[in-house]
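Reading through the structure tokens given below for one structure.
The values are calculated or read from the model by the stated rules, or taken from the named source; none is laboratory data. Being a predicted model, the structure only gives us computed values, none of them experimental. Here Cβ is always computed from backbone atoms with ideal geometry, including for glycine, and neighbour counts include all displayed protein chains. In case anyone asks, the SASA skips ligands and DNA or RNA and just uses the protein heavy atoms, side chains included. Shrake-Rupley method; radii C 1.70, N 1.55, O 1.52, S 1.80 Å.
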Amino acid sequence: MTRRAVIRGVGHHLPARVVPNAEFEATLETTDEWIRARTGIERRHFAAEDETTSVLATRAARAALDDAGMTANDLDAILLATSTADLTFPSAATMVQAELGMTRGFAFDVQAVCAGFVFAMAQADALIVSGAAQRVLVIGAETFSRLMDWSDRSTCVLFGDGAGAVVLEAVEGSGTTADRGILAADLNSDGRYRSALYVDGGVSTGTVGHLRMQGREVFRHAVEKLAETAHSALGKAGLSGADVDWIVPHQANLRIIAATAQRMQVPMERVVVTVQDHGNTSAASIPLALSVGKARGQLKPGDLVVTEAIGGGLAWGAVVLRW
Ligand code: UT7
């Protein structure tokens with residue numbers, strides 16, 4: 001018998017305010033056409049002033065717990081993937097823990113920027129497979145609107161706010177690739193590329209800072225590394241691109257999503273795409289897409305799903321799971 005981390009519930013939350021591309025035309029030298037053509041983004045959600053990352057995360061967590069038919073005290077751990085925690089510390093995860101009324105177990109943040117949810121899923125899987133935890137809530141939540149330089153058209157049109165969450169539970173599987181749950185993960189980072197995508201503030205500057213990105217360089221790495229890490233994760237599971245029912249990619253740019261699918265020889269009909277509605281929500285983008293993909297009826301029990309993401313660090317990775 002093999003312990004597997006199986007998804008029992010999924011949920012998401014998006015702030016009410018929707019900002020269409022056209023809104024940027026009033027303040028920036030940009031157009032709806034440029035943003036759609038270069039990124040696939042049509043609109044994004046921005047959080048209200050009182051909607052911090054932990055607030056969005058808590059709402060997504062409640063939705064996932066409801067979907068799983070569980071309460072917070074059924075959980076052993078909360079892992080929250082974010083780069084926009086409310087405060088430098090404590091972790092946003094402990095704030096969510098308190099809001100949910102969870103008085104046992106442990107909670108911590110995972111910081112791997114846009115790859116954060118993939119990293120957090122791999123850590124949750126390790127906790128479950130080792131026997132350290134039975135049920136783990138994994139959240140991706142971000143308020144990247146708080147990091148934008150609104151005069152920089154090359155970044156501020158790309159990002160949005162939101163949160164998604166999944167509840168993982170230990171299940172005894174057969175040890176074959178027919179098992180439901182997480183089958184393999186592949187994680188990577190290379191700090192030599194840290195200046196390609198970073199925030200120019202933090203504890204060392206005494207400011208929150210603004211997101212800075214060399215878009216073309218990140219694009220180049222993304223196209224090369226995402227298909228590579230997805231193949232590697234599939235290989236660890238003993239599977240290949242031909243076995244994939246759905247790619248649920250990080251939603252940064254439709255051109256990156258399409259190029260990665262093409263390299264994996266998976267048709268676009270088998271890719272969950274939400275970038276047009278959410279923009280790039282960093283660590284929230286994959287759990288948002290999992291939740292929306294399930295609601296659309298795209299993800300069905302037994303489907304083989306590959307999630308892949310890259311972001312600041314650079315950090316990148318993939319998780320293969322059976323839904
Ligand atoms: O989630 C973390 C990972 N991040 C990513 O995956 C993002 C990766 N990068 C990208 O998605 C793309 O590189 C961008 C969408 C950021 C940019 O697209 P691009 O096709 O790489 O454009 P570019 O940076 O090469 O810029 C092309 C032109 C430039 O003008 P010149 O130098 O050719 O005159 C830019 O100044 O487009 C200009 N430009 C804009 N024009 C209108 C940049 N931003 C805008 C804009 N509106 N908002």
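To the nearest 0.05, how large is the calculated FRET efficiency for Arg36 and Arg104 if R₀ is 51 Å and r is the Cβ-Cβ distance? Efficiency computed from Cβ-Cβ geometry: 0.60. Structural descriptor for the chain: relative contact order 26 percent, calculated from alpha carbon pairs under 8 angstrom and at least 6 residues apart.
Among the protein heavy atoms of region 1-116, carbon and sulfur supply 51% of the accessible surface, probe 1.4 Å, non-protein parts ignored. Length gained on full extension, Ala126 to Ala295: 58.1 nm, using 0.36 nm per residue less the C-alpha separation.
Of the heavy-atom accessible surface of region 127-192 (probe 1.4 angstrom), what whole percent is carbon and sulfur? Write out the running numbers ahead of the final one.
Working: 1050 of 2270 Å².
Its accessible area is 46 percent carbon and sulfur atoms.
Find out how many positive minus negative residues lie around Pro287, taking Lys and Arg as positive, Asp and Glu as negative, among other residues whose Cβ is under 11 Å from that of Pro287. Within the 11 Å Cβ shell, the charges total 0.
In a DSSP loop and with at most 15 other Cβ atoms within 10 Å, the trypsin sites (Lys or Arg not before Pro) in region 283-323 are Arg296.
Restricting to DSSP H runs of at least four residues, report the calculated mean residue ellipticity at 222 nm for the chain, -39500 (n - 2.57) per run over all residues, nearest 500 deg cm²/dmol. Before the final figure, lay out the partial values.
Working: 9 runs with 100 residues, N = 323.
About -9500 deg cm²/dmol.
With the cut-off at 1.5 for a/c, could you classify region 79-151 from its C-alpha gyration tensor as rounded, prolate or oblate? Note, shape of region 79-151 comes out oblate. Using equal-weight Cα scatterers in the Debye expression, the normalised intensity of region 2-173 in log10 at q = 0.08, 0.10 Å⁻¹ is -0.27, -0.41. In straight-distance terms, cross-link reach from Lys236 covers every one of the aspartates and glutamates whose alpha-carbon lies under 16 Å from its own, apart from those fewer than eight places away in the same chain; here that gives Asp125, Asp179, Asp186, Glu228, Glu308. Hey, if you drop one equal point scatterer on each alpha-carbon of the chain and run the Debye formula without solvent, what base-10 log of I(q)/I(0) do you get at q = 0.09 Å⁻¹? So the normalised log intensities work out to -0.40. Per the Debye formula on identical point scatterers at the alpha carbon atoms of region 242-315, with no solvent, log10 I(q)/I(0) at q = 0.24, 0.25 Å⁻¹ is -1.15, -1.23. Working ranking of peptides 61-67, 160-166, 245-251 by packing, defined as the average number of other Cβ atoms within 10 Å per residue, highest first, is 160-166, 245-251, 61-67.
Enter the accessible area per residue of the chain (Å², integer; probe 1.4 Å; all protein chains in place). Could you put the intermediate results ahead of the total?
Working: 12900 Å² over 323 residues.
Per-residue value: 40 Å².
Spin-label pair Asn188-Ser204: with each label point 7 Å from Cα along the Cα-Cβ axis, the two points sit 2.5 nm from one another. Each principal axis of the Cα cloud of region 35-90 was taken in turn, and the coordinate range along them, longest first, works out to 45, 29, 19 Å.
Explain nothing, just the number: relative contact order of region 2-173, from Cα pairs under 8 Å at least 6 residues apart, as a whole percent.
With pairs under 8 Å counted, the relative contact order is 36 percent.
Using DSSP, restrict attention to beta bridges with both residues in the chain and report what percent are antiparallel, rounded to the nearest 5. About 75 percent, rounded to the nearest 5. Cβ-Cβ distance of Ala22 and Ser174, R₀ of 41 Å, FRET efficiency by 1/(1 + (r/R0)^6): the value works out to about 0.20. Computed 3J(HN,Hα) for region 129-144, one whole-Hz value per residue from the Karplus formula 6.51 cos²θ - 1.76 cosθ + 1.60 where θ = phi - 60°, is 5, 6, x, 6, 8, 9, 9, 10, 8, 10, 10, x, 8, 8, 10, 5, glycine and proline marked x. Along each principal axis, taking the top coordinate minus the bottom one, the Cα set of region 181-322 gives 48, 29, 26 Å in descending order.
Report the FRET efficiency, 1/(1 + (r/R0)^6), for Arg153 and Ala242, where r is their Cβ-Cβ distance and R0 is 51 Å, rounded to 0.05. E(calc), rounded to 0.05, equals 0.80.
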